[in-house]
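See structure below.
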Amino acid sequence: MKQFTLLLLLVLAAIVAFATLNWSAFVAPTDLSLGVAVVKMPLGLIMAGLLAFLTALFLVYVVYLQSSTLLENRRHSRELQTNRELADKAEASRFTELRGFLEAQMLKQANLTAESRSAMLARIEQLDKDLRAAIEQSGNTLAAYIGELEDRLEKTRTPTHGG
């Protein structure tokens, strides 16, 4: 952009230098036709005035474009900031929902673990009771067999000792 501005300034300086060097031709009166009348005026001054008017008109147009672009950029920046805030709120909302979901799942998992543990403990307790009952029954059966064997041994010993 600075190179373009420098180029425009150089062209403007060249035009001013040209007008200064040829000032006498610029101010020399000439017959000019306006279509309905002929007037005697300096053509160079009229052309220089038209050049100055067009330059001013273009400068006003450039200022208008830059200011409208600047205003548009500010409007876009505000909209972007608003959208960014909305996105941040939505993201925070999603994090809150995720936290709630995770807490619910963790509570559900803890409940399942507690249920599984209590079921397992009940099953182990039942197996322990069953095992103790089986051991006691085996002990009673074993004691009965031993008692029967002792009775047989005593019956077999008694007649040989007594006779």
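Any read-out appearing in this document is the output of simple, stated calculations on the displayed coordinates, not a laboratory observation. It should be emphasised that the depicted structure is a prediction, and the values quoted were computed from it without experimental measurement. Virtual Cβ from ideal backbone geometry, glycine too; neighbours counted across all protein chains shown.
Can you list residues from other chains, or at least 5 along the same chain, whose modelled amide H is less than 5 Å from the amide H of residue 32?
39, 40, 41
For residue 108, which lysines qualify as cross-link partners when the Cα separation must be under 30 Å and same-chain residues fewer than eight apart are set aside?
Qualifying lysines at Cα under 30 Å: 89.
Rounded, prolate or oblate: which one fits the stretch 92-158, using the alpha carbon gyration tensor with axes a ≥ b ≥ c (rounded when a/c is under 1.5, else prolate when a/b beats b/c, else oblate)?
In terms of gyration-tensor shape, prolate.
What FRET efficiency, computed as 1/(1 + (r/R0)^6) with R0 = 25 Å and r the Cβ-Cβ distance, is obtained for residue 6 and residue 73, rounded to the nearest 0.05?
0.50
Tell me, what HN-Hα J-couplings in whole Hz come from the Karplus equation 6.51 cos²θ - 1.76 cosθ + 1.60 at θ = phi - 60° for each residue of the stretch 16-28, using x for Gly and Pro?
Once rounded to whole Hz, the list reads 5, 5, 4, 5, 5, 5, 10, 4, 5, 6, 5, 9, 6.
Go ahead and collect, in residue order, the members of the stretch 69-90 whose backbone nitrogen is under 15 Å from a label point 7 Å along the Cα-Cβ direction of residue 96.
Of the residues in the stretch 69-90, 86-90 have backbone N under 15 Å from the label point off residue 96.
Specify which labelled value, from [x] 12.6; [y] 25.0; [z] 12.0, agrees with mean projected area of the Cα convex hull in nm² derived from the coordinates of the model shown.
Answer by label: [y].
Compute the helix-to-body angle for 43-162: its Cα long axis versus the longest principal axis of the chain, expressed 0 to 90° and rounded to tens.
0
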